[in-house]
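*Asks:* Here it is, the structure, as structure tokens.
The values are calculated or read from the model by the stated rules, or taken from the named source; none is laboratory data. None of these values were measured; they are calculated from a predicted model. Cβ placement follows ideal geometry from the backbone for every residue including glycine, while neighbour counts extend to all protein chains displayed. Protein only, heavy atoms only, side chains kept; ligands, DNA and RNA dropped before computing areas. Shrake-Rupley method; radii C 1.70, N 1.55, O 1.52, S 1.80 Å.
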Amino acid sequence: MRLAPRLCRQPRILFVGINPSLHSARAGHHFAGPGNPFYRLLYAAGIVPEPMTFADDVRLPRLGLALTNIAERATREAAELTPRDYARGRVRLARTIARIRPRVVAFVGRTAYREFVGPSASPGPGLKPERIAGAAVFVVPNPSGRNAAFPGFADKLQWFRRLQRWVEGLRRESPAAPRPGRPARPGTGPRGPRPRRGDRRRASAPSRAAPRAGR
């Protein structure tokens with residue numbers, strides 16, 4: 001089963017999950033698992049202007065937000081994904097990022113980030129040193145209730161709020177940027193702070209550490 005991404009040109013944030021859960025694939029919406037607080041986190045952090053549920057994920061592009069996964073195949077557990085799933089996903093995700101040119105790529109959970117960047121991925125959430133096709137990279141905690149490192153809603157929320165503040169900072173630095181979600185003319189649009197030398201890194205082979213669960 002496959003779950004279509006929610007994409008637009010030059011989103012302010014492209015959220016990247018690991019892969020769809022079987023529940024999300026059947027529902028036809030991202031982060032549709034029972035009790036998953038992803039959309040509550042978006043609203044509480046000020047990333048979206050009103051409360052949303054998984055059924056509203058189709059509205060995200062109109063708000064200048066995009067959503068996809070590093071692996072397309074839906075599974076009961078993310079541990080069921082294979083190295084081939086991740087290898088194919090890295091190529092597809094890199095092409096998507098280069099095509100839609102987000103300001104920030106926000107990996108939802110360290111597993112998604114590590115599987116794209118490789119063993120050199122720095123630990124923990126927050127802003128990362130890499131650039132992907134000019135986009136800044138940020139990691140927020142996986143909202144799943146199985147995330148033992150960030151068990152409470154408030155623990156996760158602080159990082160979604162930091163993401164929003166970072167994006168707002170980029171917006172203030174680029175006042176002439178096209179409106180979120182609308183097609184941009186070639187060669188226009190914000191790129192954020194210029195990467196330092198050596199910040200651009202190619203993805204290497206996927207980590208052998210198995211992620212705990214899909215979403």
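*Asks:* Accessible area per residue of region 21-162 at 1.4 Å probe, in Å²?
*Replies:* Roughly 40 Å² per residue, with all protein chains present.
*Asks:* Follow-up question, since we're still on this one. In whole percent, how big is the carbon plus sulfur part of the accessible area of region 1-64, probe 1.4 Å, protein atoms only? Please report the intermediate quantities before stating the final value.
*Replies:* Numbers: 1430 of 2540 Å².
With neighbouring chains kept in place, the figure for region 1-64 is 56 percent.
*Asks:* Among bridges DSSP assigns within region 1-107, what percent are antiparallel (round to 5)? Intermediate results must be reported in sequence, preceding the final value.
*Replies:* Details: 1 of 11 bridges.
In region 1-107, approximately 10 percent of DSSP beta bridges are antiparallel ones.
*Asks:* Please report how far the C-alpha centroid of region 12-76 lies from that of region 80-129, rounded to the nearest whole angstrom.
*Replies:* Cα centres, region 12-76 to region 80-129: 16 Å.
*Asks:* Oh, and also: Multiply the residue separation of Ala79 and Ala94 by 0.36 nm, subtract the distance between their alpha-carbon atoms, and state the gained length in nm to one decimal.
*Replies:* Result for the pair: 3.2 nm of gain on full extension.
*Asks:* What is region 1-154 by shape, rounded, prolate or oblate, if you read a ≥ b ≥ c off the alpha carbon gyration tensor as root eigenvalues and call it rounded for a/c under 1.5, prolate for a/b larger than b/c, and oblate otherwise?
*Replies:* Rounded is the answer for region 1-154, as its axis ratio a/c remains below 1.5.
*Asks:* Going 7 Å from the Cα of Thr53 along its beta-carbon direction, which residues of region 11-41 have the amide nitrogen within less than 18 Å of the resulting point?
*Replies:* Taking a point 7 Å out along Cα→Cβ of Thr53, the residues of region 11-41 whose backbone N falls under 18 Å are 23-41.
*Asks:* With a 1.4 Å probe and all protein chains left in place, how much of the accessible area of region 74-154 comes from carbon and sulfur atoms, in whole percent? List each step's numbers first, then the result.
*Replies:* Working: 1810 of 3190 Å².
Solvent-exposed carbon and sulfur of region 74-154 make up 57 percent of the total.
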